[in-house]
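Novice: The structure that follows is given in the form of C-alpha cells.
The values are calculated or read from the model by the stated rules, or taken from the named source; none is laboratory data. Small disclaimer: the values here were computed from a predicted structure and weren't measured. Cβ: placed from backbone, ideal geometry, glycine included. Neighbour counts: every protein chain shown.
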Amino acid sequence: MRSPRDEDVLAEALRDAHERISLLEAQLAPRQAGETSARALLGKLIKRRQRVQQRGVQVWEGAQRAALRMFVLAVGCVALSTGAMALDATLGGVSIVVTLGVLALEGGR
C-alpha cells in the first residue's frame, strides 16, 4: 500500500518530468523549423536544376563564359586585322597593334 507521501513524491516527479519534456520540446522546435525550411529550399534547388537540365540549357561557370567571350573577341580581331591588311599595309599594322591591345586588356579583365 502506498502512503500519501509516496504519492506526493511520484506526483512531483511526474510534474518535473512534464516540465523537462516541455522545455526540451521548446528547445527542439527551432531546430525542426530550420530543418523543414532547409528541406524545402533543397527541394526547390533540385527542381530548378532539373528544369534547367530538361530544357537543355547548360549552366556555364564564369570561367567558361570568359573563355568563350575571349575566343569570340579573338576571332573578331583576326577578321578585323585581315580586312584592314587587305585594304592597306599601314592600316593593317595599326589594326594588329590595336587588336593586340584589346586582347591584352580583355585578358587582364
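Novice: Within the range 67-74, does at least one residue satisfy the condition of being at pLDDT below 90, surrounded by 10 or more Cβ atoms within 10 Å (Cβ to Cβ) and over 26 Å from Arg109 (Cα atoms)?
Specialist: no
Novice: Looking at (1) surrounded by 10 or more Cβ atoms within 10 Å (Cβ to Cβ); (2) without any contact (Cβ under 8 Å) to a residue 24 or more places away in the chain; (3) part of a helix (DSSP H, G or I), which one does Val102 not meet, given that it meets all the others?
Specialist: Going through the list (1) surrounded by 10 or more Cβ atoms within 10 Å (Cβ to Cβ); (2) without any contact (Cβ under 8 Å) to a residue 24 or more places away in the chain; (3) part of a helix (DSSP H, G or I), Val102 breaks only (2).
Novice: So Arg20 ticks every box in (1) of a type in the set (Lys, Arg); (2) surrounded by 10 or more Cβ atoms within 10 Å (Cβ to Cβ); (3) at pLDDT below 90 but one. Which box is left unticked?
Specialist: Failing condition for Arg20: (3).
Novice: Have a look at Gln53, Gln32, Gln58 and point out the one that is surrounded by 10 or more Cβ atoms within 10 Å (Cβ to Cβ) and modelled with pLDDT under 85.
Specialist: None of the others qualify; the one that does is Gln53.
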